[in-house]
1. Work through the residues other than A:Asp31 whose Cβ is under 15 Å from its Cβ and net out their charges, Lys, Arg +1 and Asp, Glu -1.
2. Within 10 Å of each Cβ in peptide A:233-245, how many partner chain Cβ atoms are there on average? Round it to a whole number, please.
3. Nearest 100 Å² is fine: how much accessible area is buried between A and B, summed over both sides, with a 1.4 Å probe?
4. On a 0 to 90° scale, report how tilted helix A:220-231 is relative to the longest principal axis of chain A, with both axes built from alpha carbons and the result rounded to the nearest 10.
5. Once phi is turned into θ = phi - 60°, what whole-Hz ³J(HN,Hα) does the Karplus curve with 6.51, -1.76 and 1.60 give for every residue of the range A:125-138, x standing for Gly and Pro?
6. Report, in debye and to the nearest 20, how large the dipole of chain B comes out about its Cα centre when Lys and Arg carry +1 and Asp and Glu carry -1 on their Cβ.
7. Cut-off 14 Å, label point 7 angstrom out along Cα-to-Cβ of A:Lys32: give me the residues of the range A:75-101 whose amide nitrogen falls inside.
8. On average over all directions, what projected area in square nanometres does the range A:64-174 have, based on the convex hull of its Cα atoms?
Number of protein chains: 2
Amino acid sequence: MKHMLIAQSGGPSAAINATVAGVVERCMISDKVDRIYGAINGIKGVINGHYIDLTDILASPEQLDLLCHTPSAALGSCRLKLNNADESQLKEIVDALLARDIGYFVYIGGNDSMDTVDKLSAYISKHNIKDLYVMGAPKTIDNDLPETDHCPGFGSAAKYIAATFTELVKDCEVYDIPAVTIVEIMGRNAGWLTAASALSRENGGSGPQLIYLCERAFDTERFIEDVKSCLSHKNAVVVAVSEGVKNTDGSYLSESKGRGVDVFGHAALSGTAKVLESLVKEKIGCKVRSIELNLMQRCAAHLASANDLSESKMLGMTAADRAINGVSGQMAVVLRKHNDPYRVAYSTADISLVANYEKKVPEEWINEAGNDVTEEMMEYLRPLVRGEVYPATQAGIPIHLNLYTEGK
Amino acid sequence: MKHMLIAQSGGPSAAINATVAGVVERCMISDKVDRIYGAINGIKGVINGHYIDLTDILASPEQLDLLCHTPSAALGSCRLKLNNADESQLKEIVDALLARDIGYFVYIGGNDSMDTVDKLSAYISKHNIKDLYVMGAPKTIDNDLPETDHCPGFGSAAKYIAATFTELVKDCEVYDIPAVTIVEIMGRNAGWLTAASALSRENGGSGPQLIYLCERAFDTERFIEDVKSCLSHKNAVVVAVSEGVKNTDGSYLSESKGRGVDVFGHAALSGTAKVLESLVKEKIGCKVRSIELNLMQRCAAHLASANDLSESKMLGMTAADRAINGVSGQMAVVLRKHNDPYRVAYSTADISLVANYEKKVPEEWINEAGNDVTEEMMEYLRPLVRGEVYPATQAGIPIHLNLYTEGK
């Protein structure tokens, strides 16, 4: 019998460990899987053989439940982009897998990780390697993977943002003087998370008055007019803005900060809200504050969406199921069969349709003025944040699972 | 019969509305109170007569429960410092109260609000005004009011900080490369909230490696040495720092930013973590990120401490009880009778002992190196964050109470 190997990659989320739990559960009921391993720090751990044996550690409902409620990648992560120049790195990975009798490999991650799955499965196919099946499982709070209705981790981050906005808005509304609060939300090229701030209005909350997604070119003059217009009838104006909003010339609003680029050549962004704070101070002169939801929005396991955690686990089960049944080069996807009542199905999509594509917010889900979202967007978002989780605590503090310590 | 008036002041918290609920409950069981009013925007609403009648709105367990779980001051707030030059403003307030048949006034707030209670009760006493009793109820996430063991709102903010650190640390630990994360926590002159980050280690979490409170002079060279020392045996180094840390010459570390002062003449701070981020970048050169917990730490009702909410309510009940029984010029306090098991009692303290004093962290509760807290501090903190709350949600989004709309 062959072994299963699981690895995680890219930015962490509150739901990525539920996908590991799903893979483990599917393997536990299979008679084709011997041991279940986790590679530490993604593909780096695959290459250097830094594995831990999860088979016994996770062979209990309590441990699996604790894993599901532990934020961030329990197996660690990496940001290693594969070398495209030749096949030597792919050969190194495949040889490492074969040397350890790995028959099934599930890689959990976002766009870059799916690129790795794509290249790896193409290499396996090209070289006619038998008994090694590689599957992708989606993970990205940015919700920008195609083929799947939405991505694990997104619903929990969206719920954090929606709940946090209900609270922030209450905080901002206590004084009776004009004040603008600008909240910056993650999203380099896709505004899904920023859109989720609109959910804070659902139960009568006044929510953000203005929402700017990175899909629409950002006009600073129009922004100042929008804020002034809101201030004419409301003291506490709250603005939600994607970190990745761009000027009409395509440059990032925050680019002037000169923060450089990450290892993938993406512009490393920060400070969009700070730029807007300065702008409001200069052009309007009222009290103004900027807030970054920063890492909290992607690791708030205490406020995860129950729907998201369930689906994340099911997608891990789906990916593992296909690998065990001899499928390779696909990513597990969730399909929305019906919106209200919410009904989903699980399937897979060819990895080549997923890798390196970014699913952006459709133009028609942003209002004409470019400062809010439409009802279609709300219908899409609503089911994804539903369901409360009550993770284990001891003496008032969350309990998390710790799978390894080396390298932290 | 006379009426009860309640007002809230200063920065909001997740527990300040539980104190209103406590005042209301104590009035509901009294035969000496006619109507229960709330003044909107603190003492400003008292002066201009902007009242709402809470008697019927809150005459239901469900509404009171919803009020307890609604973050930020439900009656609004203000930052009006009383004019010290003459008695005209005090006369204006007292005349306004008497004109509306207010017999009992509970003012909920921090240091500056207790100064208002102090002046007001002194004026009433000096002018021999009958049948008007003014009491203070403590509120400050900063936990810096004297005479009371701790302050309502602190436990919830501390719980948010502790839980958030458990999650942030997990997030920071996913990569196997050296990285420093600096988390800035509220606290201008008192480091209680920053100390609460240490609670994140309680259930096996690795927590922040370094904790700097504003009570101890901050030495940037020592800080860099501390960080380097941590990096020598751990990749992911997380630092907790009070926004108000000061250089050895007494100037705020963030003062170079020139952010000016607020209406009370306090330096308006921000950016301490940013200053340290730049310092690490320059002196060490590894990956570094700064995070501000910003307003989220004071309004996270979804993560409030059950102990804190209960005590906040009891303190409102205590303040109302004394006012109804003809006491004036006192602040309700909570006293710790026993630490383990945790047992408390409620009493009052003379307002003159409270107003304008700041209770700082005792020197001996900070470790010798000035980069962590002691076990005594942990014993003090532990009970305050205990107990989970599960506030009402609808379709995955929190439900909050909205008592008024004007002026927001």
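The values are calculated or read from the model by the stated rules, or taken from the named source; none is laboratory data. Just so it is clear, the structure is predicted and the values come from calculations on it, not from any experiment. Heads up, the Cβs are rebuilt from the backbone with ideal geometry, glycines too, and the neighbour counts pull from every protein chain shown. Surface accessibility is based on the protein's heavy atoms, side chains included, excluding ligands, DNA and RNA. Shrake-Rupley method; radii C 1.70, N 1.55, O 1.52, S 1.80 Å.
1. +1
2. 1
3. Adding both sides of the contact gives about 5600 Å².
4. With rounding to tens, the tilt is 60 degrees.
5. With coefficients 6.51, -1.76 and 1.60, one gets 5, 4, 8, 6, 7, 9, 6, 9, 10, 10, 10, x, 10, x Hz.
6. That gives a dipole near 480 debye.
7. Within reach of a label on A:Lys32, which here means backbone N under 14 Å from a point 7 Å along Cα→Cβ, the range A:75-101 contributes nothing.
8. 10.1
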